[in-house]
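**Student:** Could you have a look at this structure, given as structure tokens, before my questions?
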Amino acid sequence: MLLGAPLLALLVLLVANLFGTGWIFSISADNAYHRGPLNILLYLLLFGYYAESVWQVHKAKRDGITVEFFPVYYFVVTCAVGTLLQGAFYGMAFGWLSVAIAFVLVDSQTRSLRGYTDELSGLFGRKYMNYCLDRIHDTQEKDVYGIMMDVNCFKEINDTYGHAEGDRAIQEIGHILSGALVANSVAIRMSGDEFMVLIRHGSEELLNETCAAIEQRVQHYNETAPAGSFQLSFSTGVAKYEGGSVEKFLVELDQRMYAQKRAFHAARDGHAAPEQGNAPSI
């Protein structure tokens, strides 16, 4: 509503302009177009919306929404240059030309983005995980936490309910993990039924908060799923990146996750009580 208010005010001025006020523009007796005293408002409004677009993307990144490669600058900078040129050089139509160029750049960047995303889950894929881990390793970034998850009994879901329902399970997991993210975190589908959440600039508190949010969302799904539908649970492993090799970080996550996996199956089959690992089976 607030974003629409400036546009609504400008529309009122444009309608008033039709009654000869000349506030935005005027047409002379010899059919020549002239800018009015309030014409500058058109340009100020455009730049206001450009700034709002950039702010919204940065806010989304801060809130953990997946926009790492969203091409906002490709669009905003190109359109802003066209707007400046059109404002500076009267009679030259740079505006729509810049919009066309911006759309070409955005389309190219969006195509590149698809290589980093997993179509089925809607999460980032392993290629993006490798990209993140390479950056973390190169900068020796601190306070990085990982949650590695394996879907319990996923083969049974496919065998019992069919592969279409197995695909739906992956989609549901994508929704669950996306909704559980905290600031500066990202959810990744590593492979078939293995997932990862990376938390950058994190803490033990944020790690526990994320695990709890995932558990709550899994529980909510299981409680609200139709009768006779599949149920979801994860075996998890958590660890903090302590610098050095990212392979060591991944191995530690993997080992802790499979310790939970073994404990889950042992408890389910009645062979032994669940082992107490560093993270619960969600």
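Coordinate-derived values only; no laboratory data. It should be emphasised that the depicted structure is a prediction, and the values quoted were computed from it without experimental measurement. In this analysis, Cβ positions are derived from the backbone assuming ideal geometry, glycine residues included, and neighbour counts consider all displayed protein chains.
**Student:** In nm, to one decimal, how far is the modelled label at Tyr49 from the one at Ser26, with both set 7 Å along Cα→Cβ?
**Tutor:** 2.7
**Student:** Further question on the same structure: Can you give the angle from 0 to 90° between the axis of helix 204-224 and the longest principal axis of the chain, with both taken from C-alpha atoms, to the nearest 10?
**Tutor:** That works out to roughly 80 degrees.
**Student:** So how strong a dipole does the chain carry about its Cα centre when Lys and Arg Cβ are +1 and Asp and Glu Cβ are -1, to the nearest 20 debye?
**Tutor:** With Lys and Arg at +1 and Asp and Glu at -1, about 720 debye.
**Student:** Count of lysine pairs in the chain with Cα atoms under 17 Å apart, counting only pairs 8 or more residues apart in sequence or on different chains?
**Tutor:** Counting lysine pairs in the chain gives 4.
**Student:** For helix 95-114, report the angle its Cα long axis makes with the longest principal axis of the Cα atoms of the chain; keep it between 0 and 90° and round to the nearest 10°.
**Tutor:** For helix 95-114, the angle is close to 10 degrees.
**Student:** Taking the chain as the reference, fit the longest principal axis to its C-alpha atoms, fit the long axis of helix 163-180 to the helix C-alpha atoms, and give the angle between the two in degrees, 0 to 90, nearest 10.
**Tutor:** Relative to the chain, helix 163-180 is tipped by roughly 70 degrees.
**Student:** With bins 10 Å wide starting at 0, give me the P(r) of the chain over every alpha carbon pair, in whole percents.
**Tutor:** For the chain, the binned pair fractions read 6, 21, 25, 17, 13, 10, 6, 2, 0, 0 percent.
**Student:** If each of Ala100 and Leu11 carries a label point 7 Å out from its Cα toward its Cβ, how far apart are those two points in nm?
**Tutor:** My value for the distance between the label points is 2.8 nm.
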